[in-house]
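Here's the structure, in structure tokens; my notes come after.
The values are calculated or read from the model by the stated rules, or taken from the named source; none is laboratory data. The shown structure was predicted, so the numbers you read here are calculated from the model rather than taken from an experiment. Note: areas computed on protein heavy atoms with side chains; ligands, DNA, RNA excluded. Shrake-Rupley method; radii C 1.70, N 1.55, O 1.52, S 1.80 Å.
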Amino acid sequence: MIKLLLRGKKRVKFDFTGSPSLMRRISILSNIPELSHLDKKRIFCIESTGSKSRAYARIWGLSRIWQEVLNMGPAYVIEVTHRFVKLSPKQQDEVLLHELAHIPKNFSGALLGHNGIGKRVKVLTDSYRQK
């Protein structure tokens, strides 16, 4: 039997903070025609630390039940992890466009799955680079 010893390894507390710089970046990225359905005032960005996730970023939608209970409209939160900052600016833009591609055209608070997302992200990155 192998024992795992965790001496000397302190677990980092999971935490997150708002990110105005990412908000500005999302605002710039979403100015392409394919993302005209986005309500930029209802998209929020946070940076997280202490996550064990291998993801660079995640998007969270405010589901309909929460919209009803909180008496507010659809909203989305884009979370970037500590791994995101290690990417080049071009790669970061692609990751953010990937997350924005999960938002459906009706901006309902729901999220689109990964089926066909590669094609959507390619269209978005090509459109953004032509700008």
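Once you've got the Cα coordinates, tell me which of Lys40/Lys90; Lys13/Lys40; Lys52/Lys122; Lys90/Lys122 are over 25 Å apart. Kindly include the intermediate steps, with their values, before the conclusion.
On the way: Lys40/Lys90 21 Å; Lys13/Lys40 30 Å; Lys52/Lys122 28 Å; Lys90/Lys122 13 Å.
Beyond 25 Å between Cα atoms: Lys13/Lys40; Lys52/Lys122.
Rg/Rh for the stretch 28-71: what does it come to with C-alpha atoms and Rh from Kirkwood? Walk me through the numbers on the way to the answer.
Details: Rg = 13.9 Å, Rh = 13.3 Å.
Rounded to two decimals, Rg over Rh is 1.04.
Pop out the carbon and sulfur fraction of the accessible area of the chain as a percent, whole number, probe 1.4 Å. Working shown, then result.
Numbers: 5330 of 9090 Å².
Solvent-exposed carbon and sulfur of the chain make up 59 percent of the total.
Pairing the Cα long axis of helix 117-130 with the longest principal axis of the chain, what angle in degrees results, from 0 to 90 and rounded to the nearest 10?
70
Could you work out how far the C-alpha centroid of the stretch 41-118 sits from that of the stretch 13-31, in angstrom?
10
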